[in-house]
1. Among the listed residues 63, 91, which satisfies the condition of being touching a residue at least 40 places away in the same chain (Cβ under 8 Å) and within 19 Å of residue 116 (Cβ to Cβ)?
2. With the structure loaded, tell me whether residue 122 is assigned to a helix (DSSP H, G or I), modelled with pLDDT of 95 or more, within 15 Å of residue 62 (Cα to Cα) and of a type in the set (Gly, Ala, Ser) or whether it fails that test.
3. State all residues of segment 38-61 that are touching an Asp or Glu at 6+ places or on another chain (Cβ under 6 Å) and modelled with pLDDT of 95 or more; if no residue qualifies, say none.
4. Test residue 69 against the stated conditions and say whether it is part of a helix (DSSP H, G or I) and in contact with a Ser or Thr (Cβ under 8 Å, 6 or more places away or on another chain).
5. Name the single residue, out of those in segment 6-37 being of a type outside the set (A, V, I, L, M, F, W, C), assigned to a helix (DSSP H, G or I) and farther than 21 Å from residue 199 by Cβ, that is modelled with the lowest pLDDT.
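The values are calculated or read from the model by the stated rules, or taken from the named source; none is laboratory data. Note that the coordinates shown come from a computational prediction; the quantities given were computed from them, not determined experimentally. Counting neighbours? That spans all protein chains shown, and the Cβs are built from the backbone with ideal geometry, glycine included.
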Amino acid sequence: MPETPPPDPAAIAANLADVRARIAAAARRAGRRAEDVTLVAVCKTHPAAAVAAAIAAGQRQFGENRVQEAAAKFPALRAAHPDLHLHLIGGLQTNKAREAVRIADVIETLDRPRLADALGEAADREGRLPRLLIQVNTGAEPQKSGIARDAADAFIAACQARFGAAVAGLMCIPPAAADPAAHFAWLAACAARHRLAMLSMGMSADFETAIAHGATHVRVGSAIFGHRPPAAG
């Protein structure tokens, strides 16, 4: 089995510079300020050395899909760089809620009452509550996490009543084959109805469109870290 080559810090730094320039350009086209859009560098499956290279290039906001991977990777990085912010952006199982509350600064995938219960119990035990984003399954895709559109308003209101200002915004992942613009516009309108300021939407392929529709956070992985080779076997 061929070994995965080590991260190339120069390439990661160059990729970050390119993504930041694209964010700034997209913000200007939308009549927005570049500093109002936060880049979350999605480092799932990439080693700590790749994250360290991004940190050296000035990146401080990172996204992980799996709690276990984040727990293995980030404590040492955070000890060296206390200003890091960790976003959990993958579907979250209730039995991982306590560890998620312990290590995350933002949990972007609150999507069902049982998870709200688990996070509330975990927050009581840990004495801390990360910022919470409610994920909406805007494309009604059965394989994806997220509250359904027609249930979103009631669920958002219930979470706001329970968690208060910790409910900071909304997140979505549009269907891969769809025009993302309509999904981003719907999410922005929903956030406005509930007076939520944080909109996490847009990834490597569509973050410029997301910025045009009001994204405050874009989640970019492959455009920064490249694609990981498929696992053997």
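1. 91
2. Values: assigned to a helix (DSSP H, G or I): yes; modelled with pLDDT of 95 or more: yes; within 15 Å of residue 62 (Cα to Cα): no; of a type in the set (Gly, Ala, Ser): yes.
Against the criterion (assigned to a helix (DSSP H, G or I), modelled with pLDDT of 95 or more, within 15 Å of residue 62 (Cα to Cα) and of a type in the set (Gly, Ala, Ser)), residue 122 does not qualify.
3. We begin by selecting, within segment 38-61, every residue touching an Asp or Glu at 6+ places or on another chain (Cβ under 6 Å); these are 44, 60.
Listed by number, the list holds a single entry, 60.
4. Answer is yes for this residue.
5. 9
Okay, residues lined up against (1) in contact (Cβ under 8 Å) with a residue 60 or more places away in the chain; (2) out of contact with any strand residue (DSSP E or B) (no Cβ under 7 Å at 6 or more places or on another chain); (3) closer than 23 Å to residue 210 by Cβ; (4) of a type in the set (Asp, Glu):
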site	(1), (2), (3), (4)
33	no, yes, yes, no
40	yes, no, yes, no
43	yes, no, yes, no
47	no, yes, no, no
57	no, yes, yes, no
69	no, yes, no, yes
77	no, yes, no, no
